[in-house]
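To start, the structure itself, in structure tokens.
A short reminder: the numbers here are calculations on the coordinates, not readings from a lab. Bear in mind the structure is a predicted one, so any value in this text is a computation, not a measurement. Cβ placement follows ideal geometry from the backbone for every residue including glycine, while neighbour counts extend to all protein chains displayed.
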Amino acid sequence: MGIREAIAGFGQLLAADNFAELRETNQQYADSYALLTERLAELELSLEDSGWQRLSGESETEFSRAALRKINSMARLYWLKNPLVRQAVAVQTRYVFGQGVSIQGRHPAVNEVVQAFLADRKNQSELTSHQARMIKETELQLFANVFFVFFPNLSTGRVRVRTIGPDEIDDVICNPEDAKDPWYYRRGWARKAWDATSGQSAHVAETAYYPDWRYNPAGGHPATIGGHPVKADTPVYHVAVNRLSDMRFGVSEVYASLDWAKAYTQFLSDWATIVRAYSRFAWNLQTKGGSAGVAAAKARLGTTLTASSGRETNPPPATASTFIGTEGVSMTPIKTSGATTSAEDGRHIRLMVGAAMGIFDHYFGDPSTGNLATATAMERPMELMFRDRQTLWADVLRDILDYVIDWAAKAPNGPLAQGATVTVDEDGEEVVTLATDDETGEPIDRGIAVTFPPLLEKAVKDTVAAIISAATLDGKTTSTLDLKTVTRMLLSALGEQDVDELITHLFGEDGEGGALAAEREERAARAPAIAPQPTAAAPAPEDQMAQEVRRLAEAAEALANAAA
């Protein structure tokens with residue numbers, strides 16, 4: 001085709017007569033595109049390859065955000081309604097945080113900052129109270145992602161923590177040179193605006209970028225990205241589970257169990273339907289006389305109770321009654337025994353739910369399938385799974401408190417600001433060094449001890465014995481641990497909920513004084529004033545320490561035996 005012919009054809013296409021057809025065709029394309037776009041998220045989850053669902057169209061390594069939001073919605077629904085999913089989540093949550101956790105700074109000055117953060121009411125509602133920690137563990141299992149947001153006071157250094165809903169984070173922007181180095185989190189949400197004058201609420205769509213808590217560029221954060229504000233003073237700390245190293249987001253830990261939990265529910269529903277069908281007809285009555293005989297039998301068996309009479313003249317037969325009929329009339333029960341379907345036939349489906357969640361079958365309400373499934377025994381894989389989650393939370397709490405300590409030292413009026421220094425290392429990362437400790441001549445120890453009680457009750461006595469052995473070196477005259485550390489370990493082993501309060505009561509605020517010191521002074525005052533014999537050597541400090549540990553350990557062991 002020549003150029004002239006092409007131009008002529010193009011002119012005809014633009015003619016007035018063809019505009020309507022062109023608009024109609026264009027609208028059809030637009031409608032088809034909108035339909036395909038709308039259904040992409042559902043199609044993504046419905047595509048199957050050899051029986052397994054495909055991953056994201058964006059990447060071959062993880063689900064898209066639309067798919068993860070749908071998985072999160074299903075996980076929430078099943079947790080609210082399905083007993084198997086709810087029980088599996090509850091078992092892990094109670095074992096991880098059910099006995100509480102002890103958090104203590106090693107240095108008194110650092111511990112004061114830590115305890116102030118833990119006692120803050122705003123922080124307690126989000127993270128530091130027992131109920132808040134239980135909720136966070138449940139959310140981590142259901143959604144696999146928790147986004148903590150820090151709100152530091154730039155003057156006093158006080159830090160408060162909140163969380164962003166996992167469905168509100170649209171994307172994670174990483175270092176172009178290192179995909180495992182997150183820089184910013186893009187958040188898209190509907191802010192609820194309330195008008196005090198009218199009393200009406202309206203939702204306003206907003207988008208903002210939050211920096212990662214470890215990302216502090218030398219030139220500072222930009223004011224906006226793509227026209228959206230950057231919340232430079234409120235960084236995000238992302239905790240994710242059930243993901244691989246090349247995945248930006250975790251996938252719900254209950255996702256693998258949802259199909260099987262649904263199948264088990266349907267199986268039990270079908271089995272209940274069969275049982276109801278068995279009980280629909282219980283007796284088989286055969287009569288003579290055709291339809292007239294059937295009507296007569298029905299009249300004889302029918303109730304005579306009416307609203308007007310208020311009494312029954314044809315009551316049902318009593319237990320062990322005898323049926324007497326004429327020849328040819330028989331009444332026999334329908335045989336319902338020997339049904340081929342049993343409720344236990346679905347046990348293998350239930351086992352798949354347990355396998356997906358890591359919870360053994362007898363924790364789903366049937367102790368007959370387990371051996372000594374009590375608080376004194378647990379299958380080793382489950383025990384390790386719960387310890388693994390406790391270790392994860394210990395790391396998370398230490399990271400958060402490390403950020404809190406940094407701000408207590410960086411802020412001009414922070415409690416740790418005096419003598420603290422802030423430098424930048426060769427990688428451009430900020431390094432906060434606390435003031436020098438007068439006793440050691442080194443920077444103040446910023447270490448934090450996060451201690452969980454033993455998972456199993458049977459381990460209490462063994463743990464107490466191990467602490468005694470370590471503290472006294474099996475009865476030798478020296479000690480490897482100070483009395484305060486031993487006391488903390490013993491109280492944690494005994495499952496004491498508020499270890500920090502008892503430690504303060506026993507040893508005082510600054511490690512001196514307290515109930516133990518008062519008791520020693522009282523014993524010394526009651527002792528007779530007898531001069532020591534010339535040949536008796538004064539006990540060495542380590543001998544005195546060993547005696548204190550033995551006395552404390554004996555009391556702890558007595559408490560453990562009483563608890564057992």
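Laid out as a table, the results:
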| read-out | value |
| --- | --- |
| Out of SER245, SER269, sole residue that is of a type outside the set (Asp, Glu), in contact (Cβ under 8 Å) with a residue 40 or more places away in the chain and under 30 Å from VAL91 (Cβ atoms) | SER245 |
| Output for the range 103-153, where each listed residue is of a type in the set (Phe, Trp, Tyr) and closer than 26 Å to ARG65 by Cα | PHE143, PHE147, PHE148, PHE150 |
| Qualifying residue in the range 192-211 (condition: within 22 Å of SER64 (Cβ to Cβ), in contact (Cβ under 8 Å) with a residue 60 or more places away in the chain and among the β-branched types (Val, Ile, Thr)) | no |
| Selection status of ALA417, without any contact (Cβ under 8 Å) to a residue 40 or more places away in the chain and of a type in the set (Gly, Ala, Ser) | no |
| Scan of the range 420-457 for residues that are farther than 30 Å from PRO217 by Cα and loosely packed, with under 15 Cβ neighbours inside 10 Å, ordered by number | ASP437, ASP438, GLU439, THR440, GLY441 |
| Flag for TYR185 being aromatic (Phe, Trp, Tyr) and assigned to a strand (DSSP E or B) | yes |
| Residues of the range 217-274 that turn out to be small (Gly, Ala, Ser) and within 20 Å of ILE173 (Cβ to Cβ), as a count | 10 |
| Selection within the range 164-189 - surrounded by 20 or more Cβ atoms within 10 Å (Cβ to Cβ) and closer than 29 Å to MET357 by Cα | PRO166, ILE169 |
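For (1) more than 27 Å from ILE503 (Cβ to Cβ); (2) touching a residue at least 40 places away in the same chain (Cβ under 8 Å); (3) in a helix (DSSP H, G or I); (4) acidic (Asp, Glu), each residue gets a yes or a no:
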{"position": "VAL110", "(1), (2), (3), (4)": "no, yes, yes, no"}
{"position": "PHE117", "(1), (2), (3), (4)": "no, yes, yes, no"}
{"position": "GLU126", "(1), (2), (3), (4)": "no, no, yes, yes"}
{"position": "GLU137", "(1), (2), (3), (4)": "no, yes, yes, yes"}
{"position": "VAL146", "(1), (2), (3), (4)": "yes, yes, no, no"}
{"position": "PHE151", "(1), (2), (3), (4)": "yes, yes, no, no"}
{"position": "GLY157", "(1), (2), (3), (4)": "no, yes, no, no"}
{"position": "ARG160", "(1), (2), (3), (4)": "no, yes, no, no"}
